[in-house]
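Comments concern the structure below.
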Amino acid sequence: MVDGVSVGDAQDLLGLTDEEMAYIEIKRSLSANLQVRRKKKRLTQTAAPKLLHTSQSRVAKMESADKSVSIDLLVRANLALGATPRELKHAF
């Protein structure tokens, strides 16, 4: 408690379990990795969908770790942009 105000983190505030928090961190890491990989390849969010066989709005959702995007989709998208399984293992 600081100055009469309870201080905690997002996990405490949202009442998330350790497993839920780990899931969120993995998803955020894969999303960030996808964006970095896309930018290194100098692909716009408009060009990337052609390689990923999806829409621009879906790429934006993937890169923002939208709740509608699965970890499976993020892994597949990273692999499609050239990530290796080893790189993904070390991404989080």
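What follows is calculated from the coordinates using simple rules that are stated; it is not laboratory data. Because the structure is a prediction, the values reported are computed rather than measured. FYI the Cβ positions are ideal-geometry reconstructions off the backbone, even for glycines, and counts take in every protein chain you see.
Among the residues of the range 72-82 satisfying the criterion of being touching a helix residue (DSSP H, G or I) at 6+ places or on another chain (Cβ under 6 Å) and aliphatic (A, V, I, L, M), which is surrounded by the most Cβ atoms within 10 Å (Cβ to Cβ)?
This residue is ALA77.
Picking from VAL75, VAL69, which residue would you name as being touching a residue at least 12 places away in the same chain (Cβ under 8 Å) and not in a loop (DSSP other than H, G, I, E, B)? Break it down stepwise before answering.
Details: VAL69 fails: not in a loop (DSSP other than H, G, I, E, B).
Going through VAL75, VAL69 in turn, just one is touching a residue at least 12 places away in the same chain (Cβ under 8 Å) and not in a loop (DSSP other than H, G, I, E, B): VAL75.
Can you find, within the range 55-66, the residue that is farthest from the chain's Cα centre (by Cα) among those that are assigned to a loop (DSSP other than H, G, I, E, B) and within 14 Å of SER31 (Cβ to Cβ)?
Quick first cut of the range 55-66, residues assigned to a loop (DSSP other than H, G, I, E, B) only: 55, 64-66.
The next check asks that each one be within 14 Å of SER31 (Cβ to Cβ); those that pass are 64-66.
Numbers: SER64: 6, ALA65: 4, ASP66: 8 Å.
Result: ASP66.
Can you run down the residue pairs with Cβ atoms below 8 Å, 6 or more apart or on separate chains, where the first is in the range 46-66 and free of Cβ contacts under 8 Å to residues at least 12 places away in the same chain and farther than 13 Å from ALA80 by Cβ and the partner is polar (S, T, N, Q) and surrounded by 13 or more Cβ atoms within 10 Å (Cβ to Cβ)?
Here the result reads THR46/GLN56; GLN56/GLN45, each pair linking the range 46-66 to a residue that is polar (S, T, N, Q) and surrounded by 13 or more Cβ atoms within 10 Å (Cβ to Cβ).
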